[in-house]
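All remarks here apply to the structure that follows.
The values are calculated or read from the model by the stated rules, or taken from the named source; none is laboratory data. Owing to the predicted nature of the structure, the values given are computational and were not obtained by experimental measurement. Here the Cβ is made from the backbone with ideal geometry for all residues, glycine too, and neighbour counts use every protein chain on show. The accessibility values were calculated without ligands, DNA or RNA, using every heavy atom of the protein model including side chains. Shrake-Rupley method; radii C 1.70, N 1.55, O 1.52, S 1.80 Å.
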Amino acid sequence: MKVLVTVKEVATVEDDFEISGTEIEETYLDYDLNEWDDYAVEEAVQLAEAGDDVEVVAVTIGPERSEETIRMALAKGADRAVRVWDDAIEDVELLDVETKAELLGAVVEEEDPDIVLSGVQANDDSFGATGVALAETVGFEWAAVVNALDTEKVLDEGVASVRRELEGGIEELTDVELPAVLAIQTGINEPRYASLRGIRQAQSKEIDVQSLDDLGVGADDVASSLDVTAMYEPETESDAQYLEGDAGEQAAKLADVLREKGVVGE
Amino acid sequence: MPSYMLAQAGVETRPTFWRIGHVGEALFYYLAAVAVAIFLYGVYQRFATYARGADDPRERLTDLPARVLTAAKLVASNEKQFDRDLYAGLMHTFILWGFLSLLIATTILGIDMDLWTLVLGQPSFFVGDFYLAYSFVADAMGLLFVVGVGMAIYRRYWVQYGRLWGKHTSTEDDLFVWTLFLLGVGGYLTEGVRILGTSATRDVSFETVSFVGWFVKDVLQAAGVTPQAAAAAYPVVWWSHALLALAFVASVPYAKPFHMLSSYANLVTRDEDAGKRLPRVPEDASPEEIGPSDIEDFTWKQLLDHDACTKCGRCSSACPAKAAGRPLDPRDVILDLKAYREGLEAGDREEVDIVADGGTSVVDAETMESCMSCMACMDACPVDIEHVTQFTEMNRRLTESGQMNKNVEEAVMNVFQKGNTFGDPDRKRPDWTDDLDFEVPDAREQSVEYLWYVGDYPSYDERNQHVARSLARVFEEAGVSYGILYEDEQNDGNDIRRVGEEGLYEMVAEENIEAFQSCDYENIVCTDPHSYNTFSNEYEQFGFEDGDSVYHYTQVVENLVNDGALGLTGTELNDTVTYHDPCHLGRYNGEFEAPREVVRATGVTLDEMPRNRSESFCCGGGGGGLWMDFDEETKPSEERIREALEDTDAGPDVDRFVVACPMCMTMYEDGRKTGGYEDDIEITDVTELLVEAIDAKEK
Ligand code: SF4
Ligand code: SF4
C-alpha cells in the first residue's frame, strides 16, 4: 500500500513584524511544518506502523529551503519525499488552490497512491481547499475534516472509515472507497516528536525534486488567478467590559448583556 | 576431643564441636561446603548478569587499588549512613562492625582448628590469654551487633519509620533483619548453654570474660536449668544456630544480604562526576539505539546499581518531585527495573518497553518527566546509585521514540529554531541592555578578561533581565574587563540535555563553543548555574578546553568584594535574608560559600533554612520542570518559601529569599504568588542585593 501525504512549509510571523509593499519582510519570518500536515504525517506513519509493506511518500511544493521542513516528515517516519519546484512556480506571487491541485495531481498520477492525506488547511494563508480540489483533479473519492480514521479497515478492507467534523458540532461517520483523499483535522492523533538525531538521520532519505517538465505540466498551467493587491495590519478593535459583583450578580449581568446583544432570546 | 581434654587439664579454652560427635562434625563440614557452593554459584550468576550488560561509557575500573581503598574507607566510616541521619549511622555502624568482628572471630577459630592444628599439626593457639581476649572481644562486638539489629527492628516495626516502607518492601527485608537478630541472640544462647553445660565437669569461672554468654548462663541457671539439662540440650541449640548461619551464608547472593557485596562493588566502581557530566551517545547511533529499550541496553554498572539498592528510601525521602506529589519515586524506579529483570529471568514477566507513555512499560513517561535532575537522590544515596544518569537515558529513549512531553517539546523546538527557549528572535537577545546608561562591551570585537555568558532567562525574561542589568552594573562599578556575545549567544543546552534531547544538545554545544572560540577572553562567567555546570563539566566532550576557567558569577563577584573593588563596608543593608542553594551550583559543583560571602558583605543578616547546602530543596525548575505544568499538591517553590518563613530562626521576619539562579528566580516568583506569600517575602538575586548595597553606600 502507498500513502501520499501532502505537506506545506508555512511562514510564521514574529510579533513586531514590518510590511514592505505586499510582503512581510523576510527578517520577521520563520518557517515551519504546517500544523495540520503534522497530523496528516502522523496518521500516515501510524498506517505504516500498523501494516506490512506500507510506503509513505511526502510531497511538497516549495523552494529548496522547504527541504528543512520536509525533512521533519522524513524524520517522523515518511520513507521518501518529492519536492515540486520550478522557476516558473517561483515567479508566481501566490499560488492558488487550483494550481496546487494541478501540481499535486501530477505527482499523484506518477506515484499512484492508494490514499492521499492532506491537512485541512494551511497555517499561513489559511487556504483550506487543496485536499478536496486535488481529489477532484485526480478523480479520487474524498472526505474533508477527518478527525478519526479506522486504520485496520484501511489496511484490511481498502475502505477509509472516517469520522468527520461538520458545522454546528455535528459529526458524520462515513465509509469512503479507496483511492481517496482525506483532509486531516488536528487532534486526530498526537504527532510524534522528531528528534535532532532523527532529523539528521533523515538526511540520507531521498528527496526527489520534480520540475514542471518532469511532471509534464506546462508553464502556463501554473499562472495563478490570485494577485496580492495590498498588505496591511488591521487595527485591533476590542471592547472589554468588566462585570462587578459576586458570581451570582456577574451571571445576572452577563445574561442581560447577552439578551441585549441578541445572543439569547427573551 | 583434644580441646576438651585441654580444658580439663586446666587451660582456658572452650571445646569446639562439644557433644556434636564425629558424624555431626563431618555433617557440619559437608553442609558448610554446600552452603559455600550455593553462595559462590549465586555470586557468580549475579556477576555474570552484569558482564552481559552493555559497556559503560565511563572508566570505572582504572586505578582499582585506590578505588577499593576509598570504597573501604566509605564503608568503614559509615559516613554516608550518618549523613542526615545519626540514628541510622549508629545502627549501621554497630551492625557492620559487629558482623565483621564476628566474621573475623569465626575465621580465626577456623584457621586454628583446620589449618594450624589439623594441617600443620601445631598445638592450638585458641587457649589461655588469647582465648580470654578473643572471647571478651567477640562477646563485646557481638553485643554491639545485637544492639544494632535491635535498633533496626525497633525503627522498622515499632516506629514504622516512613522511608523504610515502600512498594518493594517484602519478606526478604523481614527475613534479613530477623535472621541477623536470631544469629546474634542464638550465638549468645549457644554460648550460655555451653558454659552451663560444661560447668558440670570443670571450673568455668574464667568464662566470665564472655560476659554476655555468662549472663545468659546466669539467667538459665536462675530459671532452673541444670548443667546436665544444658549439656543435653546443647546439640539441639548448637545445630539450630549452625544451620541458621549456613542458611544465611547460602542465601546471601539471592536476597537483601547481597548488598554487602553489591553495594560495596557499587562504591568501588562509582563515578564522582556522575550526574553533572552525563555520558554522550555514540556519534553514529541511530534514534532506535539511543536510550534503553531493553534491559540489556543498561550498562553493567547500571545493572549493578539496581542490585546495590538497599531499599533504604533515602533517595525518595529527599526527592522534591515525590514531595510535591509528582508520580516519581526514585527508589521505585530503580527497584522496578530490578524486579523487571528478575521477572524476565524467572520467566514470569512478558517483555515490555522500558519507558513509554501509556502505562504498560516498566517506567512510565510521566515518571521520567517528573524528575528535576536535582541530584538530591544521588547525594542522599548511601551506595552511590546513579539515578540521574539512568533517568536521563530513559528521557533520551522517550525523545528518540517521539514521546517527548508536549510542553517540553515547545521549548525544545524553540531552541532548535531560534536558539532560545522563549522562541524569540535572536536579534532581541541583547534588548535587556537598552535600559542601561552605559554600553555593555561586545566580546566579539574586543578582548576581555571575562566573557560573560548571559543566558536565556536573563536575556529574555523581564524579571531576570533586571538581574542581568544588576550584574552589568556590578561589573561596571568594579571596573571589570568583560563583554557579552550579543546575538551570537544561544541556549546553553544543560537542560536540553537533561530532558533527553542529546542531538540538539550536541548542536548547541558545538555552536556555543564556536562562538566562544571566536572571542579573545581569559575566563567565562555565567549568570546561570546551569550554564556554568555544562560549560565546565560537559563541553569538554565536544572539544572545549577551557572548562577550568568557567565561573559562576557569584565566584567572580566574591573576589571583587574581597578585593574591596566595590567599596562596601558591610553595613549598607540591614534586612534579614535566607539563601537558597541552586542545585547546579551547590550540590552539583560544590560551591556553597561564595554566594554566602557576597550576601553577608552587604550587611544583611543571613539566616539558614534547615535544608541548606548539599541538602538544598530544588525549586522545581530543573530537568525541564520550568517548561512543564504539573498537578502538584504543594509546588516545591511554595514549600521552600514556607520553609524560609517558618523553619528559619527568624521565621516570619525573613524579609528576602535570596537566589543565585535565573530559573530559581522564575520558580520562586511564581511560588510566591501562587502560595500567597506576596506580602511576606521578596525574591532577590544575589546581584540585586549587591546593587542595593552599592546604591545605599552612594547615598
Ligand atoms: S534528581 Fe531530584 S527530582 Fe529527580 S529523582 Fe532525584 S531527587 Fe527526585
Ligand atoms: S537508591 Fe540508594 S538511597 Fe534509594 S533506596 Fe536504593 S540504596 Fe537507598
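Could you tell me whether segment B:293-308 includes any residue that is over 30 Å from B:GLU350 (Cβ atoms) and either in the same structural domain as B:GLY590 (by TED's automatic domain parsing) or within 15 Å of the chain's Cα centre (by Cα) (or both)? Scanning segment B:293-308, I find no residue that is over 30 Å from B:GLU350 (Cβ atoms) and either in the same structural domain as B:GLY590 (by TED's automatic domain parsing) or within 15 Å of the chain's Cα centre (by Cα) (or both), so the answer is no. Within 16 Å of ligand 1 (Cβ to nearest atom), part of a loop (DSSP other than H, G, I, E, B), of a type in the set (S, T, N, Q) and open to solvent by 40 Å² or more (accessible area, probe 1.4 Å): is that true of B:THR569 in this structure? Here the answer is no, as B:THR569 does not meet what is asked.
Per-residue answers, yes or no, for (1) in contact with a Phe, Trp or Tyr (Cβ under 9 Å, 6 or more places away or on another chain); (2) of a type in the set (Val, Ile, Thr); (3) over 25 Å from A:GLY218 (Cβ atoms):
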{"residue": "A:ASP15", "(1), (2), (3)": "yes, no, yes"}
{"residue": "A:GLU18", "(1), (2), (3)": "yes, no, yes"}
{"residue": "A:THR22", "(1), (2), (3)": "no, yes, yes"}
{"residue": "A:ASN34", "(1), (2), (3)": "no, no, yes"}
{"residue": "A:MET72", "(1), (2), (3)": "no, no, yes"}
{"residue": "A:ASP86", "(1), (2), (3)": "no, no, no"}
{"residue": "A:THR99", "(1), (2), (3)": "no, yes, no"}
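Against the list (1) farther than 23 Å from B:MET663 by Cβ; (2) in a helix (DSSP H, G or I); (3) out of contact with any helix residue (DSSP H, G or I) (no Cβ under 7 Å at 6 or more places or on another chain), the condition B:TYR532 fails is (1).
Counting only residues that are part of a helix (DSSP H, G or I) and modelled with pLDDT under 95, which one in segment B:380-408 is farthest from ligand 2 (Cβ to nearest atom)?
The first filter runs over segment B:380-408 and keeps only residues part of a helix (DSSP H, G or I), leaving B:380, B:387-400, B:406-408.
From the residues that got through so far, the ones that are modelled with pLDDT under 95 too are B:406-407.
Working: B:LYS406: 30, B:ASN407: 28 Å.
Restricting to residues being part of a helix (DSSP H, G or I) and modelled with pLDDT under 95, the top hit is B:LYS406.
Here's the yes/no breakdown for (1) touching a residue at least 24 places away in the same chain (Cβ under 8 Å); (2) open to solvent by 50 Å² or more (accessible area, probe 1.4 Å):
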site	(1), (2)
B:TYR161	no, yes
B:LEU175	yes, yes
B:GLU191	yes, no
B:ARG202	yes, no
B:GLU207	yes, no
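Of all residues in segment B:462-489, those being closer than 19 Å to B:GLY567 by Cβ, hydroxyl-bearing (Ser, Thr, Tyr) and open to solvent by 20 Å² or more (accessible area, probe 1.4 Å) number 1.
The C-beta contact set for segment B:132-144 (first residue in contact (Cβ under 8 Å) with a residue 60 or more places away in the chain, second residue acidic (Asp, Glu), distance under 7 angstrom, 6+ apart or interchain) comprises B:LEU132/B:GLU12.
Note on segment B:404-422: among residues that are touching a Gly at 6+ places or on another chain (Cβ under 9 Å) and open to solvent by 10 Å² or more (accessible area, probe 1.4 Å), the one that is farthest from ligand 1 (Cβ to nearest atom) is B:GLN417.
The set of residues from segment A:1-50 being free of Cβ contacts under 8 Å to residues at least 60 places away in the same chain, within 18 Å of the chain's Cα centre (by Cα) and more than 14 Å from chain B (Cβ to nearest Cβ) is empty.
Does A:LEU33 satisfy the criteria of being among the hydrophobic types (A, V, I, L, M, F, W, C), in the same structural domain as A:VAL159 (by TED's automatic domain parsing) and surrounded by fewer than 20 Cβ atoms within 10 Å (Cβ to Cβ)? Steps first, please.
Values: among the hydrophobic types (A, V, I, L, M, F, W, C): yes; in the same structural domain as A:VAL159 (by TED's automatic domain parsing): yes; surrounded by fewer than 20 Cβ atoms within 10 Å (Cβ to Cβ): no.
Considered against the rule, which asks whether it is among the hydrophobic types (A, V, I, L, M, F, W, C), in the same structural domain as A:VAL159 (by TED's automatic domain parsing) and surrounded by fewer than 20 Cβ atoms within 10 Å (Cβ to Cβ), A:LEU33 comes out as no.
Pick from B:ALA376, B:ALA308: which is within 14 Å of ligand 2 (Cβ to nearest atom), in contact with an Asp or Glu (Cβ under 9 Å, 6 or more places away or on another chain) and over 30 Å from B:ILE641 (Cβ atoms)? None of the others qualify; the one that does is B:ALA308. Just for segment A:51-70: of the residues that are more than 14 Å from chain B (Cβ to nearest Cβ), part of a helix (DSSP H, G or I) and open to solvent by 10 Å² or more (accessible area, probe 1.4 Å), which one is farthest from A:ARG192 (Cα to Cα)? Filtering first and then ranking leaves A:GLU64. Suppose the filter is open to solvent by less than 10 Å² (accessible area, probe 1.4 Å) and over 29 Å from the mean Cα position of the chain (by Cα); does B:VAL550 pass it? It is false that B:VAL550 is open to solvent by less than 10 Å² (accessible area, probe 1.4 Å) and over 29 Å from the mean Cα position of the chain (by Cα). Could we say that B:PRO57 is within 30 Å of B:SER205 (Cβ to Cβ) and modelled with pLDDT under 95 here? Taking the combined requirement at face value, the residue does not satisfy it.
Considering A:GLY187, A:GLY245, A:GLY262, A:GLY198, which residue is in a loop (DSSP other than H, G, I, E, B) and within 14 Å of chain B (Cβ to nearest Cβ)? Before you say what the answer is, go through the steps one by one.
Values: A:GLY245 fails: within 14 Å of chain B (Cβ to nearest Cβ); A:GLY262 fails: within 14 Å of chain B (Cβ to nearest Cβ); A:GLY198 fails: in a loop (DSSP other than H, G, I, E, B).
Matching residue, one of A:GLY187, A:GLY245, A:GLY262, A:GLY198: A:GLY187.
Consider segment B:344-379 and keep the residues that are near ligand 1 (Cβ under 8 Å from one of its atoms) and of a type in the set (Gly, Ala, Ser). The one that is farthest from B:LEU398 (Cα to Cα) is B:ALA376. Taking the stated definitions as given, is B:VAL454 within 17 Å of B:ASP426 (Cα to Cα), aliphatic (A, V, I, L, M), open to solvent by less than 10 Å² (accessible area, probe 1.4 Å) and more than 14 Å from chain A (Cβ to nearest Cβ)? Yes: the conditions hold for B:VAL454. Residues that are within 15 Å of ligand 2 (Cβ to nearest atom), out of contact with any Lys or Arg (no Cβ under 6 Å at 6 or more places or on another chain) and either under 30 Å from B:VAL252 (Cα atoms) or more than 14 Å from chain A (Cβ to nearest Cβ) (or both) occur at least once in segment B:348-363. In the condition set (1) in the same structural domain as B:PRO327 (by TED's automatic domain parsing); (2) farther than 23 Å from B:ASP329 by Cβ, B:MET394 is compliant with all but (2).
Checking each residue in segment B:154-183 for being within 23 Å of the chain's Cα centre (by Cα) and among the hydroxyl-bearing types (Ser, Thr, Tyr) picks out B:TYR161, B:THR169, B:SER170.
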